[in-house]
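Trainee: Handing you a structure now.
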Amino acid sequence: MKITVIGCGYLGATHAASMAELGHEVLGVEVDPTKLASLQAGTTPFYEPGLDELLGKHVTAGGLRFTDSIEEAGAFADLHFVCVGTPQLGSSLGADTSYVETAVRSLAPHLTRPAYVVGKSTVPVGTAARMAGLLSELSPVGGDAELVWNPEFLREGFAVKDTLEPDRIVLGVASERAEQALREFYAPMASAGTPFVVTDYATAELVKVSANAFLATKISFINAVGEVCDAAGADVVALADAIGHDARIGRRFLNAGIGFGGGCLPKDIRAFVHRAGELGVEDAMSFLRQVDDINQRQRQRVTAIVKAMVGGSVAGVRVGVWGAAFKPDSDDVRDSPALDIAGRLHLRGAHVSVYDPKAALTAAARFPTLVYTDSAVDAARGADVLLHLTEWPEFRTVSPDEVGSVMAHRRLLDGRNLLDLPSWRAAGFEARGLGRA
Ligand code: UDX
């Protein structure tokens, strides 16, 4: 089928390349000239494992093209995916849906044949119904330009796999005709056994924010328990293993540490609380404020622990930091707890050297006054304390002795609870995790 993908950031570029991989003819629409030039040259303007190869392959083969013309998009296909961002508003905790609205408003007048516009962006409940109204009002074919809401659950670092092998497909539809069209489009997933949940717009929108809110709650729950473990001399990792054996709880997303960040979880839970307030049910969602508070507190906790480890003040102290991205296998530093902690220590007078295998450039653009090094060992050189903040696999292969030999003092704080603390202690380190006895 011929499709367009409007907005080619993390979500859109991945969707465009993955749908080309499934054999569809894809036209991506991107208005940022720098991103557009990169995509047209067959390279992704960000780091996502496997995506560059996939995108390059299909741009070269001709099955995937990019443009900045929405008019061209309207003429090209009858199935249009909207993948633009919905960042937090500057004026409130709500989500900014203006990019979604702009996409629909600019595309609609060019829909001169019956078409489906499929929203994939994460939006406050009620947005899809509003967009459906706009679409039929502004399109020359009226109600024959139909809206579908199809939230996306991909994780950065696994974006291609999550798009090609989703664990469910959710369709919010207003007609059987729309359901059939999307089922046909996603037929390869149906043949692979992917479950489909077909529902109304509001439920589809809420599925996405509820999933992210649940994941955020799970992480903050274990981090809150981790604080109690610290106070009581218990070990949160053993505790998570033990409760995770209960199939009703599950071990995934119970990794205690410096907390969650990125372009989704933090802003999605805030937008959820905000929208609940607009709907008059803020109390129902107020616990998410605590989930957010617990998450933010982990960052203060690390600063406080570092202070205590170095004897009271971080002013003039040299701190080595491993990791700047909000998670491994990504160069995304949006709301990254790692970069936030590095920045906080720097603002309190510490000399901070950061190493991240992929995120040095994005981190430097956001926080240019930190020192960025080219290796894990270089970040630790001369340091009074070393912080492990993003769990890139390479950090687990570095020899504690080698790192210790370049540091001024052998002190380690594992903010992700993934390093083998006994072997660091055996190398003479004062080594601690978060919530670990
Ligand atoms: C998330 C959702 O998982 C995905 O379904 C949705 O489409 C977009 O938002 P993503 O932001 O890529 O995906 O990252 P995710 O893997 O969910 O991790 C989010 C944050 O939580 C990261 O900062 C990660 O380090 C942290 N995390 C995750 C923990 O602190 N502990 C855990 O146990 C798991």
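Trainee: Using a Förster radius of 45 Å, what is the FRET efficiency between Arg113 and Asp241 based on their Cβ-Cβ separation? Nearest 0.05, please.
Mentor: So the FRET efficiency works out to roughly 0.20.
Trainee: Ranked by Cβ crowding within 10 angstrom, fewest neighbours first, how are Asp340, Asp68 ordered?
Mentor: Listed from fewest to most nearby Cβ atoms, that is Asp68, Asp340.
Trainee: Roughly how tilted is helix 337-347, in degrees to the nearest 10 and between 0 and 90, from the longest Cα axis of the chain?
Mentor: 50 degrees
Trainee: Report the FRET efficiency, 1/(1 + (r/R0)^6), for Glu71 and Glu101, where r is their Cβ-Cβ distance and R0 is 30 Å, rounded to 0.05.
Mentor: Efficiency, rounded to the nearest 0.05: 0.95.
Trainee: Modelled label-to-label distance, Glu394 and Phe158, 7 Å Cα→beta-carbon offset: nm?
Mentor: 2.3 nm
Trainee: Whose amide H sits under 5 Å from the amide H of Val5, counting only residues 5 or more places off or on another chain, with H placed in the peptide plane?
Mentor: Answer set, sorted by chain and number: Leu27, Gly28, Val29, Phe81.
Trainee: Now for a separate question. For Cα pairs less than 8 Å apart in space and 6+ apart in sequence, what is the mean separation divided by the residue count of region 260-314, i.e. the relative contact order in percent?
Mentor: In percent, rounded to a whole number, it is 25.
Trainee: Among Arg416, Arg411, what is the fewest-to-most ranking by other Cβ atoms within 10 Å? Provide the component values of the computation, followed by the final result.
Mentor: Values: Arg416 25, Arg411 22.
Listing Arg416, Arg411 from fewest to most nearby Cβ atoms yields Arg411, Arg416.
Trainee: Work out from phi, with θ = phi - 60° and the Karplus expression 6.51 cos²θ - 1.76 cosθ + 1.60, the ³J(HN,Hα) of each residue of region 195-204, listed in order in whole Hz, and give x for Gly and Pro.
Mentor: The phi angles translate into x, 10, 10, 9, 8, 8, 4, 4, 5, 4 Hz.
Trainee: Taking 30 Å as R0, compute the FRET efficiency from the Cβ-Cβ separation of Lys57 and Ala192 and round it to 0.05.
Mentor: FRET efficiency, Lys57 to Ala192: 0.90.
Trainee: Next question. Can you give the relative contact order of the chain as a percent, counting alpha carbon pairs under 8 Å and 6+ residues apart?
Mentor: 12 percent
Trainee: What's the lysine pair count for the chain at a Cα cut-off below 19 Å, pairs eight or more apart or interchain?
Mentor: Final tally of qualifying lysine pairs is 16.
Trainee: I would also like to ask the following. Which whole-number percentage describes the relative contact order of region 46-193, with Cα contacts under 8 Å and a sequence gap of 6 or more?
Mentor: 20 percent
Trainee: Test of understanding: in a Gaussian network model of the chain with alpha carbons linked when under 10 Å, which of Asp401, Asp420, Asp246 would top the mean-square fluctuation ranking?
Mentor: Largest GNM mean-square fluctuation: Asp246.
Trainee: Residues with beta-carbon under 13 Å from that of Ala426, excluding Ala426: net charge, scoring Lys, Arg +1 and Asp, Glu -1? Show your work: numbers first, answer last.
Mentor: Values: positive: Arg410, Arg425; negative: Asp401, Asp420, Glu430.
Taking every other residue near Ala426 into account, the sum is -1.
Read-outs: derived from the displayed coordinates by stated rules, not from any lab. The structure presented is a predicted model; accordingly, all values stated were derived computationally and were not measured. Neighbour counts are summed over all protein chains in view; Cβ atoms, including those assigned to glycine, are modelled from backbone coordinates with ideal geometry.
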